[in-house]
Every structure is written in structure tokens, then in C-alpha cells.
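Following: one structure in C-alpha cells, then a few remarks.
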Amino acid sequence: MKLPGKHISILASICFLFCCAKVTAQSIEPENIPNDAFEAVSTGHFADTYMLDARMNPFYLRGDFDGDGKPDYAFWIKVKAGGATGIAIWLSSRHNFIILGAGVPFRFAGSTESNFENLNVWEVYGKRPVERGVEAGAPPNLIGEAILVGRSESGSGLIYWTGKNFKWYQQGD
């Protein structure tokens, strides 16, 4: 089907607005939150302190981060009072969140940070051997899947479960 030039221009404008629109935390619809973690993100201390932050797309990741064979979730979050961003990881085996950043110090990339505002990409890194990172020492043996996070066209690293806590392994600069 061939569209007249005017219609292509309108369609291109709509696509541009849709793709480039700034998404806010308020735009996350409840039905887009995984059922397994819905109650945890919408009640109690978590809901009083944090909000899901949709500036990161996707705003959550699903993986088996602790290697128990059950789905876990990582959510991009923001502190309601102050606005610091970070990651809340829901381990299904523990039925609670582990907060990294968002006001809670986490050691990565040679420093300790409590606000992940400079990170803008993330994805699940499958359970497989990890290549040696830049000046990062011996790579970890992953227990489960990890979270690859970073800054677009800049440094990145893995957030992985040690069996006791989450740690950072630098991948590149």
C-alpha cells in the first residue's frame, strides 16, 4: 500500500513522538507489573519509600539471579523523597527486595554510589562464563543470571549474586 507524502509525514511525526516521548514513573500501569512481584512493589515499606521509575526501558528485568530455578525481578526505582535512582531486586527465594543505589550505597566501578542516575542501559546477562573485564581481576563464576548495566557508549559492568549479596564486576570503559 502506497501512502501519499502528507500521510507519511504525519505517520513519521507520530512515530517520532511515540518513540522519543519521556516516560515518567506515573506512566507505569499496574497490569504491566509482574503478578509475582505486584504486592511487594505496591504495599508496605517499599511502596512508602520508592516508586517504579520508567525512565529505563524496560523498567524491569526478569531473570534467575540467584540460580534457584525460579524467576526473580529487578526493577528500576526512584526514592520518593530526594529522587535518587537505583535497582530493587526481588529474589523469589527470599520474598524481599535488595536495594542497590536509590539512597543505599553500592560499590561499583571503583567507587561507592547511592544514586544510579548516570546509568541508562541494562539487560539480563545469561548464566555463562564471564570474560575478563578491564582491570577488574579474575571474572566471577555466575551462580545465576546477572544484570549488565552501564552508560550508553561508555562503561558497563555486571551485577551478580554471590550467594550472600550482589557484587559488581567491571566489563569495560
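Here are the numbers:
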{"quantity": "Built amide H within the under 5 Å cut-off of Asp64, gap 5+", "calculated": "Asp72, Glu145"}
{"quantity": "Length released on extending from Asn96 to Ala47, taking residue separation times 0.36 nm less the Cα-Cα span", "calculated": "16.4 nm"}
{"quantity": "J(HN,Hα) series, the range 49-60, from Karplus relation 6.51 cos²θ - 1.76 cosθ + 1.60, nearest Hz, glycine and proline x", "calculated": "9, 10, 9, 5, 10, 8, 5, 8, 10, x, 7, 9"}
{"quantity": "Gyration tensor (Cα) of the range 90-173, equivalent ellipsoid semi-axes in angstrom", "calculated": "19, 17, 12"}
{"quantity": "Subset of Lys80/Lys167; Lys78/Lys127; Lys70/Lys164; Lys70/Lys127 violating a 21 Å alpha-carbon distance limit", "calculated": "Lys80/Lys167; Lys78/Lys127"}
{"quantity": "Tail fraction, Cα-Cα pairs, the range 27-173, threshold 20 Å, whole percent", "calculated": "44 percent"}
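Throughout, read-outs are computed from the coordinates displayed, never taken from laboratory work. What you are looking at is a predicted structure, and each value in this text was computed from that prediction instead of being measured.
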